[in-house]
1. Can you spot a residue in segment A:87-104 that is away from ligand 2 (no atom under 16 Å from the Cβ), closer than 25 Å to A:Arg324 by Cα and either modelled with pLDDT under 95 or not aromatic (Phe, Trp, Tyr) (or both)?
2. What is the one condition in (1) within 11 Å of chain B (Cβ to nearest Cβ); (2) out of contact with any Pro (no Cβ under 6 Å at 6 or more places or on another chain); (3) part of a loop (DSSP other than H, G, I, E, B) that A:Ile262 does not satisfy?
3. Which members of segment A:164-178 meet the condition of being within 11 Å of ligand 1 (Cβ to nearest atom) and within 23 Å of A:Val252 (Cβ to Cβ)?
4. It is to be established whether one or more residues within segment A:224-243 are within 14 Å of another protein chain (Cβ to nearest Cβ) and over 23 Å from A:Arg83 (Cα atoms).
5. Test of understanding: among A:Ala169, A:Ala175, A:Ala144, A:Ala151, which residue is modelled with pLDDT under 95, within 16 Å of ligand 2 (Cβ to nearest atom) and assigned to a helix (DSSP H, G or I)?
6. Tell me whether segment A:146-158 contains one or more residues that are more than 14 Å from ligand 1 (Cβ to nearest atom), closer than 30 Å to A:Ala31 by Cα and not charged (D, E, K, R).
7. Checking the conditions here, which among A:Thr195, A:Thr273, A:Thr279 is surrounded by fewer than 20 Cβ atoms within 10 Å (Cβ to Cβ) and either touching a strand residue (DSSP E or B) at 6+ places or on another chain (Cβ under 6 Å) or in contact (Cβ under 8 Å) with a residue 12 or more places away in the chain (or both)?
8. Among the helices (runs of 4 or more DSSP H) confined wholly to segment A:22-140, which include 2 or more residues that are of a type in the set (D, E, K, R), free of Cβ contacts under 8 Å to residues at least 24 places away in the same chain and at the interface with another protein chain (Cβ under 9 Å from one of its Cβ atoms)?
Amino acid sequence: MYGNAYVETDGKQVNSLVADEDPVKLAEFEARIAAGEKIEPMDWMPKEYRRQLIRMIEQHAHSEIIGALPEGTWITRAPGFRRKLALMAKVQDEVGHGQLLYSACETLGKSREDMINDLITGKSKYSNVFNYPAVTWADSAVIAWLIDAGAIINQLTNSKGSYGPYCRALDRICAEESFHLKYGHDNVVFLATGTPKQRQMVQEALNRWWPPIMHFFGPSDKASVHTETLMRWKVKMASNDDMRQQFLNMYVPKIWDLGLIIPDPLLKKDETTGKWSYTEPDWEVFKQVINGNGPCNKERLAVRRMAEEKGRWVRRAILGENARYVAPLS
Amino acid sequence: MSIQSLDPRVTRAHIEENTQEGMQEPLDQLQTYEVFQQKKRGTHHQHVGSVHAPTAELAIVFAKEQYARRGVCVNLWVVKTSDIFITEYEDEDIFSTTPDKYHRDPESYKVMDRIKAYKEKQLQQS
Ligand SMILES: [Fe+2]
Ligand SMILES: [Fe+2]
């Protein structure tokens, strides 16, 4: 759900995916991907490849921009000057990631104006985790550590995909994420090794964020021809469950190390298979939140709308007379 | 009803919940510039991506924020995307070396055979 390829289950005929594509061009395209080559904006590509990438990259871009809001809330109240500086830098990075991703998506033919319109009207989605509030400073610490950890797993996986501009944007993004992760971990460790009150704060934040974190990678993928095709085209690089397992494997031990309690009594690793078992997340809640009924959906979009509206006169005033929009090259 | 938030700044802004505000018109997100970065003196400038900006001067400001926030950079160029001329990948074959271009290839100059033959001839004559 961050920048995951997502297969609709609207009962559309899966065979019609590539039915009206030129078979020769399609075969060349697939051979190129199988050989590990990247697809560039001017290359021929199947309509469904373009459509899925637009949807995925756009959703990822919106997630970065909206994701800056819950954390941005704490900039003015961050404890201490160094943390304030670091949080500002992190939030700036996230907005920068959004810009890089919007550009990558524009190369596929959707303008930034159209993407922003689809965001503020609720037509395009963004990661559901950002519809939850950062109630205390400890929430911002848990977000920076664990949500960014999930984002890194997703982004490293996707950076091996087939679309050149998306991969290049992700390489840049991943390089910056390591600072976010370290910064977040530092904040969580500071609280978890602090006073009883600080420990309680971080434990409560973890309790609040665990369900959204388990939702982060999305529901199990349905096995379908569509999913298979997206995997062959290297649009989808790993199953949602595989990424969730990877996350649990890397971070549960680190959380337990701090003596924190993860609010799932069924969470444990099967030492023989190496797989984690857990309480199945409530996907009905997930669906509700995605569709606009989370605690902060309205606020997030309203803040975005206000920013666009209040900034318009400035953009108009500085725009040169002969301005002409052309999609970025790569 | 205006938005009540945990963030005091949001509450103070009195933002209405459901409005049509913010809808974008063409060029609301300005025009695009391609950015070229030189990381070190003596190296080539390299294309690193693009920015949306109203003018070249502001494109430089945004490019600095976007591509040179950390790490090394000594110089930036920006150019309007619409001013760039490009070749098509479909015409990629114009770059391939064809037999009629062998005269450009150092490997195509083979003098050793001739020198050997010449030396042998000299030996025979002496
Ligand atoms: Fe990010
Ligand atoms: Fe991040």
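1. Within segment A:87-104, one or more residues are away from ligand 2 (no atom under 16 Å from the Cβ), closer than 25 Å to A:Arg324 by Cα and either modelled with pLDDT under 95 or not aromatic (Phe, Trp, Tyr) (or both).
2. Checking A:Ile262 against (1) within 11 Å of chain B (Cβ to nearest Cβ); (2) out of contact with any Pro (no Cβ under 6 Å at 6 or more places or on another chain); (3) part of a loop (DSSP other than H, G, I, E, B), the one that fails is (1).
3. Hits for segment A:164-178 are A:Cys174, A:Glu177.
4. No, every residue in segment A:224-243 fails to be within 14 Å of another protein chain (Cβ to nearest Cβ) and over 23 Å from A:Arg83 (Cα atoms).
5. Working: A:Ala169 fails: modelled with pLDDT under 95; A:Ala144 fails: modelled with pLDDT under 95; A:Ala151 fails: modelled with pLDDT under 95.
Residue meeting the stated conditions: A:Ala175.
6. Yes: one or more hits.
7. On the way: A:Thr195 fails: either touching a strand residue (DSSP E or B) at 6+ places or on another chain (Cβ under 6 Å) or in contact (Cβ under 8 Å) with a residue 12 or more places away in the chain (or both); A:Thr273 fails: either touching a strand residue (DSSP E or B) at 6+ places or on another chain (Cβ under 6 Å) or in contact (Cβ under 8 Å) with a residue 12 or more places away in the chain (or both).
None of the other options fit; the residue is A:Thr279.
8. Details: elements: A:23-34, A:47-72, A:81-106, A:112-120.
Where helices (runs of 4 or more DSSP H) fall fully within segment A:22-140 and carry at least 2 residues being of a type in the set (D, E, K, R), free of Cβ contacts under 8 Å to residues at least 24 places away in the same chain and at the interface with another protein chain (Cβ under 9 Å from one of its Cβ atoms), they are A:112-120.
The values are calculated or read from the model by the stated rules, or taken from the named source; none is laboratory data. These numbers were taken from a predicted model, which means no experiment stands behind them. Methodologically, a virtual Cβ is constructed for each residue, glycine included, from the backbone with ideal geometry; neighbour enumeration extends over all protein chains shown.
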